[in-house]
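Structure first, then comments.
The values are calculated or read from the model by the stated rules, or taken from the named source; none is laboratory data. These numbers were taken from a predicted model, which means no experiment stands behind them. Glycine gets a Cβ as well: all are built from the backbone with ideal geometry, and neighbour counts include every protein chain shown. For the accessible areas, the whole protein counts, side chains as well, though only heavy atoms, and no ligand, DNA or RNA atoms are used. Shrake-Rupley method; radii C 1.70, N 1.55, O 1.52, S 1.80 Å.
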Amino acid sequence: MKINKKNSISLLLVVFTTIIIGLTAYQSSNYSGQIYLYGEGHAVPSILDKEFELWNQYYHENGMRYLFVEFPFYCSEFLNLWMQEDNDEILDEMWEEIAGTLGATGANKEFYKKIKKACPETIFYGTDVGHKYDTLGEQYLSYLREHGQENSDNNKRAQEIINQGKIYSEKNEEDAFTYRENMMVENFIWSLNQLKHEDIMGIYGAEHITMNEEDDYSNLISVPNMATQLTDKFSRKIYTEDLSAKADTSNPWKTGALMINGKEYQAILWNEIWLNRKSNSYDSVEVWELKEGTEDFNNIPVGDRTIPDSSFLFPTEIKYGKIYVLDYYTDDEFKERQIFRSDNKSMDDGSIIARDLLYK
């Protein structure tokens, strides 16, 4: 990952976010602050809006500066470096590396940009295991070497998180989820131990914050989830709330207009997704749904191609008799448009399929 040379000392501006490693054991803590944890459905626009509202309030009214996120340590350090820059190059390159994950959406990226603009002194703490250790993890180590920090506390911590990522990737599914949950608790406590008494806010997937017996996630781990374990350790110092329980998934990210065959249609933009270039020809895709004019497409025959991944429409889902438009980009340049029409009734198994329109 490229870092602007004029900020070659920017690491020193954020190194205080990790301070000294190893002074306090992971499973004990002298932390005396207040913890506010919020559960989300990843990349849901209405939830991101609420999270920004909460952080903006804590930041400006309560003087809070530390935001815990579901990223590995080295990703949060890249975010902290980016906060010192006058451009978005680091964020852009980070999004390219996390392409293909639920976090790599336009709404999520916009969330961080809003924080940088409105809450510029925010310091991120990533407490997840070492996802993307072979790319972002190695890039962070390379950055530290380039800046003479190969023997720093940050380097040591990054190596520990990279090792967690390797262990996680080698386990079977149930063992991996259990290992990750325990490591997220350890990493969280490690981060608190750097702060001692500062109040913090954290944003995590809802399964890490609240859990009941009906949750699929509860069947994948053999330990209490992260918030439950933290509550056992910090008692009254922790507040949790599941924002996903009240989320309005019918609310689109944005609205706009699309020009199709010389006619303008009002449309909903559900998602902008960064794609994994190893398995795709494009960098990103915008996922639109027409708000009007579906009758214009009723007589156009359909092919066998369907929307490639149902998660493209997240947080909504395929509905009856809709027109969906997928616009693909590479290096921010428009490359291809695919238009799909969904069934007017469900299949025998109850599913609804959107097939591509075959224009002459």
Before anything else, pin down the relative contact order of the stretch 44-179: Cα pairs under 8 Å, at least 6 apart, normalised by residue count, whole percent.
31 percent
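Once every DSSP H run of n ≥ 4 in the chain is given -39500 (n - 2.57) and the sum is divided by its residues, what mean residue ellipticity at 222 nm do you get, rounded to the nearest 500 deg cm²/dmol?
-10000 deg cm²/dmol
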Over the chain, with the other protein chains present, what is the accessible area per residue in square angstrom, probe 1.4 angstrom?
48 Å²
According to the Cα gyration tensor, what semi-axes, each the square root of 5 times an eigenvalue, does the equivalent ellipsoid of the stretch 262-320 have, listed from largest to smallest in whole Å?
23, 15, 12
DSSP-defined antiparallel bridges as percent of all bridges, the chain, nearest 5
65 percent
Rounded to whole Å, give me the distance from the Cα center of the stretch 76-135 to that of the stretch 161-184.
22 Å
What spacing in nm lies between the two simple spin-label points modelled at K246 and D153, each 7 Å away from Cα in the Cβ direction?
3.8 nm
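Which pairs break 26 Å Cα to Cα here: K166/K237; K113/K254; K50/K113; K114/K171; K291/K335; K291/K345?
Values: K166/K237 32 Å; K113/K254 16 Å; K50/K113 15 Å; K114/K171 37 Å; K291/K335 23 Å; K291/K345 19 Å.
Violating the 26 Å Cα-Cα cut-off are K166/K237; K114/K171.
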Once phi is turned into θ = phi - 60°, what whole-Hz ³J(HN,Hα) does the Karplus curve with 6.51, -1.76 and 1.60 give for every residue of the stretch 119-133, x standing for Gly and Pro?
9, x, 9, 4, 10, 8, 10, x, 10, 8, 6, x, 4, 6, 5
Looks like the chain, by Cα gyration tensor root eigenvalues a ≥ b ≥ c and the a/c under 1.5 rounded cutoff (else prolate when a/b is bigger than b/c, oblate otherwise), is prolate
Could you tell me what percent of the accessible area of the chain is made up of carbon and sulfur, with a 1.4 Å probe and every protein chain present?
44 percent
Under 5 Å between amide hydrogens, which residues at least 5 positions from T330 or on another chain qualify, with H placed 1.01 Å from N in the peptide plane?
D283, K335
Once phi for every residue in the stretch 64-72 is put through the Karplus expression 6.51 cos²θ - 1.76 cosθ + 1.60 (θ = phi - 60°), the whole-Hz ³J(HN,Hα) values, with Gly and Pro written as x, are 6, 10, 10, 10, 8, 9, 7, 10, x
Over the stretch 208-360, what is the relative contact order in percent, taking alpha-carbon pairs closer than 8 angstrom and at least six residues apart?
17 percent
Along Cα→Cβ, 7 Å out, is where each label goes; now give me the distance between the ones at K114 and L220 in nm to one decimal.
2.7 nm
Normalise the Debye intensity by I(0) for the stretch 207-338, one equal point scatterer per Cα, no solvent, then take log10 at q = 0.16 Å⁻¹ and round to two decimals.
-0.93
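So for the chain, averaging the separation of alpha carbon pairs under 8 Å that are six or more residues apart and normalising by length, what relative contact order in percent results?
On the way: 631 pairs, mean separation 73.8, N = 360.
Once normalised by length, the contact order is 21 percent.
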Sorted peptide list for 348-354, 271-277, criterion being average Cβ within 10 angstrom, highest first:
271-277, 348-354
The stretch 239-250 - phi-based ³J(HN,Hα) in whole Hz, Karplus 6.51/-1.76/1.60, Gly and Pro as x
10, 10, 8, 8, 6, 5, 5, 10, 5, 9, 7, 7
